[in-house]
Amino acid sequence: MSVRARVFRRRVRSMVLTGVVAGLCALAVLPLLFILGDLVAKGASSIDWSFFTRNPAPAGESGGGVANAIVGTGIIVGLACLIGLPIGIGAGIYLAEYGSGRLGWIVRFVADVMNGTPSIVVGIFAWTFIVKPVGRFSALAGGVALAILMLPMIARTTEEMVRLVPHSLREAALALGYPRWRTSLTVIVRTALSGIVTGCLVAVARIAGETAPLLFTALGNLNFSTSLTQPMQTLSLQIYVYATGPFDEWHRLAWAAALVLMGLVLVIALLARWVTRQRYGAS
Amino acid sequence: MLSGAGGPGEVRLAVPGPTGTPPPAAAPVIPLQGRNRADRAYQISLTALALALPLLLVVLVGELATNARPAIERFGWRFLWTSVWDPVAEVYGAAPMIFGTLASSLLALLLAVPLALGVAIFLTEFAPRWVRQPVAFLVELLAAIPSVVYGLWGIFVLIPFLRSAVVPPLKATLGWTPFLEGVFYGNSLLAGGVILAIMIVPYIAAVSREVLLAVPASQREAALGLGATRWEAVWTAVLPYGRAGIIGAIMLGLGRALGETMAVTMVIGNRHDIGISVLQPAYTMAAAIANEFSEATTNLYLSALFEVGLILFVVTVVVNALARLLVWRVARGAALGSRAL
Amino acid sequence: MAPPEPLPHITTQRLTALYHRQAAIKDVTIALPRHSVTAIIGPSGCGKSTFLRCLNRMHELSDGGWVTGKVLLDGQDVYGGGVDPVRVRRRVGMVFQRPTPFPTMSIHENVAAGLRVNGKLSGRALNEAVEQSLRRAALWNDVRDRLHTSAVALSGGQQQRLCMARALAPEPEVLLLDEPTASLDPAGTQRIEELCHELKARYTIVIVTHNLQQAARVSDRTAFFYLGELIEVGRTSDLFTKPALEQTEAYITGRFG
């Protein structure tokens with residue numbers, strides 16, 4: 001074959017393969033469009049004001065809403081943040097500031113191991129650690145389970161963000177006569193703050209949708225409850241119960257609840273992106 | 001007048017400047033002696049917070065092991081290859097769920113890897129700039145969808161779709177193979193594998209993308225300079241360089257698939273059965289725990305489930321560790337697995 | 001007749017600075033007079049910056065950095081037992097080669113960060129102190145209308161003067177300048193050099209520079225370093241016109257560098 005023909009064939013093959021790759025990419029994204037589309041198509045029609053303000057109706061009856069689930073999601077996620085954020089951010093700062101030795105290596109390794117732990121395993125651990133000794137399912141146990149999931153995520157993203165702060169800033173602050181702790185808090189962490197907040201928001205978006213760790217801790221509750229020591233419902237648990245239940249009415253409500261949950265996750269994720277853009281504050 | 005050899009805390013006396021002009025009024029000199037207790041306190045508090053993690057892990061593994069002990073002592077290694085799971089007779093064998101976990105994850109990888117690599121290669125090498133951001137965002141969004149929402153979609157959309165549009169042609173063409181034996185009722189290994197595939201694509205794609213971005217531009221440019229087409233440059237220069245990292249990315253996807261619970265338990269059928277046909281219901285370790293934990297009435301039953309949890313934990317930790325090692329070799333530094341994506 | 005030599009503010013005695021086992025400067029004994037500008041010159045890698053960083057105990061923050069010998073600030077050894085390096089750095093300030101304003105803070109907040117080192121100030125007292133520092137750094141007129149805008153929006157020269165205002169805010173006695181004009185344009189360089197002249201009435205200034213003309217313009221005394229050793233030190237006019245040692249002359253006339 002002549003050189004020209006060979007080159008031509010190679011070019012065609014390159015174009016075809018590029019097309020294949022683009023096609024694969026489109027195929028990968030397709031399910032997302034279907035899922036979002038189905039959520040809206042099957043769920044939007046069930047959403048009205050009463051959906052947000054009413055509690056689930058008794059089995060078999062129609063109507064009812066997810067008020068208790070929305071509040072429950074908020075409470076349990078809030079609890080998880082209360083526990084997980086200080087420890088996670090503190091551990092992250094430790095890793096960035098003092099973590100170059102052996103202890104830092106151990107903490108980092110542990111964080112990576114915990115990041116890969118299946119959430120159901122965290123769930124049964126929280127059951128045996130809190131629910132069993134206390135004798136009761138509770139929102140608190142659910143919050144702790146989600147906090148355990150959050151901790152390693154936040155520790156690693158915080159470390160990453162703090163490490164990104166240029167060394168020259170640290171030197172400038174130290175040369176001013178700032179002690180190390182003050183340099184760390186008022187200069188380094190402050191500079192990294194928007195990145196740290198983004199990392200936290202991403203983690204919150206992750207745990208807001210979790211179900212497995214809550215199955216045996218918060219358990220779920222058909223009634224409205226804000227008590228931390230009683231079982232509590234979340235959107236994710238509600239979706240699971242409704243989707244796997246026998247009633248068509250429940251299936252309809254499951255789609256609506258899923259749409260609400262997805263909306264919540266999306267809002268938090270977009271907030272995280274917005275924070276990243278606001279990097280340098282007022283100007 | 002000098003203050004030169006004075007001790008700490010002495011106020012500096014006025015010294016005439018070289019030009020004879022009176023200098024500004026002397027300010028009290030900060031003594032140089034001092035201790036820095038605040039720094040120690042800061043370091044100690046941060047260290048204490050950081051130690052919470054290893055402590056937590058030790059307690060977690062400890063509790064898992066302690067709770068699994070009765071089952072371990074009762075069944076020993078047979079637990080791993082016995083297929084019988086009988087809560088009444090109190091005989092437990094995890095072989096079906098171990099098989100199901102591996103089979104569903106393998107199937108998921110088979111489907112997800114080409115798609116994910118397609119995304120990664122397309123986004124890093126071929127996509128025009130205006131396409132990159134939106135597509136990357138969409139892929140990230142895939143990772144943000146909660147597992148239970150995937151499960152919901154799996155039950156009411158995916159399974160009917162498989163039943164009507166995918167399985168019939170598959171059976172028509174490949175029905176003679178043992179992989180497609182039997183009647184398809186919906187909840188099956190196939191459904192589990194497909195839903196897992198969709199879920200792990202964004203993870204494999206994101207890490208592969210980082211790996212490809214870490215490949216030095218010189219590799220690509222050298223190939224192009226030699227006259228390679230764009231695709232050839234990618235295939236011969238970029239991909240081989242990043243091979244270890246991409247394998248690591250795939251293993252990370254595997255790690256995610258192994259531990260996935262809700263979506264799987266909602267579509268896989270939850271049956272203690274080992275079968276090579278993907279059309280049959282199956283079980284995974286995570287799904288079994290989710291399904292049966294609240295039903296476990298006896299200590300041994302519970303203990304068996306804890307043992308399953310322990311096995312799951314160990315397997316995912318090992319897979320993730322290997323994965324990170326591979327990726328670290330190529331794309332150092334990034335804190336993997338810590339992001340939602 | 002020349003006025004009498006001003007009394008030394010900082011003296012080093014046999015100062016040696018090392019990284020792990022490698023000495024960056026060896027056995028340096030020098031006296032830095034009060035209220036004057038001393039320039040440190042020498043080819044790249046001769047230890048000028050390392051020497052400077054020993055004076056405010058920044059060298060030990062580098063990986064493997066340690067020091068033997070003494071650095072006397074008004075007669076007191078800053079490396080002595082019980083001395084808190086943080087306090088040393090409050091009395092000996094430093095400005096670096098690249099401007100490093102704190103990026104998340106406004107101009108006002110950057111200077112205030114320097115003021116907070118010495119304790120709480122608020123309200124009017126704080127604003128007045130910020131103004132005073134900015135005036136001393138010859139930046140006040142440029143930024144008086146935009147004190148609360150981001151510090152990184154300033155030009156390079158302005159950022160460097162902001163760093164000087166910030167370094168002056170804690171009222172140090174000594175100001176160490178590590179190649180402060182290296183990343184600036186000629187206009188910015190000139191402003192900084194003028195600043196040095198104005199500031200030496202209040203502060204003792206030590207400036208490291210690889211620019212011989214700058215050293216000649218700005219300093220009263222000059223010290224020549226080579227390969228980590230102090231070769232010669234003396235009045236700038238003397239050193240540049242009739243250097244005592246051949247090595248000094250070779251460097252100044254450009255035979256090596």
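Structural remarks
- Build a GNM of chain A with springs between Cα atoms under 10 Å apart, and of A:246, A:31, A:58 the one that fluctuates most is A:31.
- Calculated P(r) tail over 35 Å for chain A, as whole % of Cα pairs: 36 percent
- By the Kirkwood approach, averaging reciprocal distances over each pair of separate Cα atoms, the range A:124-283 gets a hydrodynamic radius of 18.3 Å.
- Nearest-0.05 FRET efficiency for residue C:27 and residue B:37, computed from C-beta distance (R0 45 Å): 0.80
- A Stokes-Einstein calculation at 4 °C with viscosity 1.567 mPa s, built on the Kirkwood radius of the protein assembly as shown over Cα pairs, returns a diffusion coefficient of 41 µm²/s.
- Stokes-Einstein translational diffusion, the range A:1-103 - Kirkwood Rh over all Cα pairs, 1.567 mPa s, 4 °C, in µm²/s: 64 µm²/s
- Cβ-Cβ FRET estimate between residue C:256 and residue C:155, R0 fixed at 45 Å, reported to 0.05: 0.85
- FRET efficiency, residue C:187 to residue B:131 (Cβ-Cβ, R0 35 Å, nearest 0.05): 0.20
- Computed from label points 7 Å out along Cα-Cβ, the spacing between residue B:217 and residue C:194 is 4.1 nm.
- Taking θ as phi - 60° and the Karplus parameters 6.51, -1.76 and 1.60, the scalar couplings of the range A:174-184 work out to 5, 5, 5, x, 7, x, 4, 5, 6, 4, 4 Hz in sequence order, x denoting glycine and proline.
- Sequentially through the range B:279-294, phi angles give Karplus couplings (6.51, -1.76, 1.60; θ = phi - 60°) of 7, 8, x, 8, 8, 10, 4, 5, 5, 4, 4, 4, 6, 10, 4, 6 Hz, Gly and Pro residues having no value and appearing as x.
- In this simple spin-label approximation, residue B:174 and residue C:135 carry label points 7 Å from Cα along the Cα→Cβ vector, and these lie 8.4 nm apart.
- Divided by 2.2 N^0.38 Å, where N counts the residues, the Cα radius of gyration of the range C:141-257 comes to 1.22.
- Farthest positive-ward along the protein assembly as shown dipole, Cα basis, beta-carbon charges - from A:123, A:149, A:46: A:149
- Of A:258, A:41, A:205, the one that fluctuates the most in a GNM where chain A has Cα springs shorter than 10 Å: A:41
- The antiparallel fraction among DSSP beta bridges confined to the protein assembly as shown stands at about 60%.
- Dividing the summed -39500 (n - 2.57) terms of all DSSP H runs of n ≥ 4 by the residue count of chain A sets its mean residue ellipticity at 222 nm at -23500 deg cm²/dmol.
- Shielding by partners for peptide B:36-42, expressed as the average number of C-beta atoms from other protein chains within 10 Å of each residue's C-beta, is 5.
- Ordering B:134, A:263, B:259 by the projection of their Cα atoms onto the charge dipole of the protein assembly as shown, which places +1 on the Cβ of Lys and Arg and -1 on the Cβ of Asp and Glu, puts B:134 at the extreme positive end.
- For the range B:241-271, backbone nitrogen atoms closer than 17 Å to the point 7 Å from residue B:83 Cα along Cα-to-C-beta are found at B:270-271.
- Computed from point charges on the beta carbon alone (+1 for Lys and Arg, -1 for Asp and Glu), the dipole magnitude for chain A about its Cα centre is near 1500 Debye.
- Kirkwood Rh, Cα atoms: Rg over Rh of the range C:8-252: 0.97
- Overall size of the range A:3-46 from C-alpha positions, given as principal axis extents largest first: 65, 11, 6 Å.
- Nearest-ten-degree value, helix B:189-214 long axis tilted from longest Cα axis of chain B: 30 degrees
- Counting only Cα atoms, the size of the range C:131-172 along its three principal axes is 27, 18, 15 Å, in decreasing order.
- For residue B:45, net neighbour charge (Lys/Arg +1, Asp/Glu -1) across residues whose Cβ lies under 15 Å away: +2
- Within the listed set B:49, B:162, B:258, the Gaussian network model of chain B (springs between alpha-carbon atoms below 10 Å) gives the highest mean-square fluctuation for B:49.
- For the protein assembly as shown, a crude dipole built from +1 on the beta carbon of Lys and Arg and -1 on the beta carbon of Asp and Glu, taken about the Cα centre, is about 1440 debye to the nearest 20.
- Counting charges near residue B:255 (Lys, Arg +1; Asp, Glu -1) among other residues having Cβ under 14 Å from its Cβ returns a value of 0.
- Two-site label geometry, residue B:91 and residue C:126: point separation in nm, points 7 Å out along Cα→Cβ: 7.7 nm
- Nearest-20 debye value, the range B:73-330 charge dipole, Cβ charges on Lys, Arg, Asp, Glu: 740 debye
- Karplus-based coupling profile of the range A:250-262, in residue order and whole Hz: 4, 5, 4, 5, 4, 4, 5, 5, 5, 4, 4, 4, 4, with θ = phi - 60° in 6.51 cos²θ - 1.76 cosθ + 1.60 and x standing for Gly or Pro.
- Our note on the geometry: Cα centres of the range A:211-253 and the range B:108-141, 35 Å apart.
- The range B:255-310-the range C:139-177 distance, computed between alpha-carbon centres (Å): 64 Å
- Kirkwood-based shape ratio for chain B, expressed as Rg/Rh from alpha carbons: 1.24
Since every read-out is calculated from the coordinates, none of them should be taken as a lab result. Values in this document were obtained by computation on a predicted structure and should not be read as measured data. Backbone-built Cβ (ideal geometry, glycine too); neighbour counts: all protein chains shown.
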